[in-house]
Ligand SMILES: Nc1ncnc2c1ncn2[C@@H]1O[C@H](COP(=O)(O)OP(=O)(O)OP(=O)(O)O)[C@@H](O)[C@H]1O
């Protein structure tokens, strides 16, 4: 198997006495879309900055595309980065600025690269616009276009949809899906957990600089000994559910969502679910759906 795109082993980064990242180990496989999740101050941007080579770890080992990212030029042509607060320099029009950057990066056909990249993010109309005249959403997409020029095999996106309106955010998510289809490795941080759940193959949850959990999205949202029943109509009689074999707790979340926990050691999920659903139907309750597993948001709230 080829070397992972990114490999952190026990990585620490201190700022004075403060450990912004503290003993974090995680692996991003090539071709994965990988999420970095965590509350404010969890260490996501610091981790990103180390992956890009902007910051050196204080301890541990870090390899990105098989090299030490902070070695000058080691990641040339291999990495595209959208920093969290990307600021475009003033005094430029967008198209010529991107063309200039493409030339600086040594790309063969700089203007073509700039046009192709702006097109990809749906921003061709900004070609001749002054950078200072761009809206927040346009500036973010122009910075994203810069990250995509030259089709680097690894793209790091720090909060790519923060502050964007829903339509533009959706467009950016589409760009990320296209990157995945082209087998580009993407690391993306976001506070929008629903978005990460949809986009990512795997993720790491950070909390106060430490790794709370890392794994595939299926592992993070793993199916535990609980399920939910979406109730369409009828009255759920909770004490009767408690009396069913295997059920350890049952409660309503709001008017229409029944949450059931069961003894997963001694009872098969399909048996308990069938028993509960059967009982509900017998008592005149109509059901819209049954779901198992945590949503990512619940998992993050549990862990952080
Ligand atoms: N240059 C720095 N000097 C001192 N402390 C820093 C520096 N950069 C980050 N920190 C601290 O390290 C911790 C992690 O910060 P970081 O920006 O990596 O978190 P984050 O997860 O990206 O947060 P957010 O979601 O708010 O962007 C914070 O407590 C922050 O104050």
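Things to note:
- Only one entry in 243, 232, 250 is more than 30 Å from residue 37 (Cα to Cα) and either touching a helix residue (DSSP H, G or I) at 6+ places or on another chain (Cβ under 6 Å) or assigned by TED's automatic domain parsing to the domain that holds residue 36 (or both), namely 250.
- Annotation note: Cβ proximity below 7 Å between a residue of region 115-131 that is without any contact (Cβ under 8 Å) to a residue 24 or more places away in the chain and a residue that is surrounded by 14 or more Cβ atoms within 10 Å (Cβ to Cβ) and in a helix (DSSP H, G or I) (sequence gap 6+ or interchain) occurs for 124/118.
- For region 51-74, residues that are under 16 Å from residue 155 (Cβ atoms), out of contact with any helix residue (DSSP H, G or I) (no Cβ under 9 Å at 6 or more places or on another chain) and not in a loop (DSSP other than H, G, I, E, B) total 2.
- Checked against (1) within 16 Å of the ligand (Cβ to nearest atom); (2) within 15 Å of the chain's Cα centre (by Cα); (3) buried (at least 17 other Cβ atoms within 10 Å of the Cβ), residue 209 passes all but a single condition, namely (2).
- Residue list for region 7-50, filter: in a helix (DSSP H, G or I) and closer than 27 Å to residue 298 by Cα: 44, 45, 46, 47, 48
- Any strands (runs of 3 or more DSSP E) falling wholly within region 224-293 and containing at least 1 residues that are in contact (Cβ under 8 Å) with a residue 40 or more places away in the chain: 226-233, 286-292
- When 229, 236, 247 are checked against the criterion of being modelled with pLDDT of 95 or more, touching a strand residue (DSSP E or B) at 6+ places or on another chain (Cβ under 6 Å) and under 20 Å from residue 297 (Cα atoms), a single residue qualifies: 229.
- Hey, residue 44 over 20 Å from the mean Cα position of the chain (by Cα) and either free of Cβ contacts under 8 Å to residues at least 60 places away in the same chain or within 16 Å of the ligand (Cβ to nearest atom) (or both) or not: no
- Exclusive hit being over 21 Å from residue 187 (Cβ atoms), in the same structural domain as residue 179 (by TED's automatic domain parsing) and within 27 Å of the chain's Cα centre (by Cα), set 91, 116: 116
- Of all the numbered requirements in (1) within 18 Å of residue 156 (Cα to Cα); (2) touching a helix residue (DSSP H, G or I) at 6+ places or on another chain (Cβ under 7 Å), residue 107 misses one, and that requirement is (1).
- Residue match in region 167-182 (condition: part of a strand (DSSP E or B) and surrounded by 19 or more Cβ atoms within 10 Å (Cβ to Cβ)): no
The values are calculated or read from the model by the stated rules, or taken from the named source; none is laboratory data. Quantities reported herein were computed from a predicted structural model and do not represent experimental measurements. Reconstructed Cβ throughout: ideal geometry from the backbone, glycine too, with neighbour counts over all protein chains shown.
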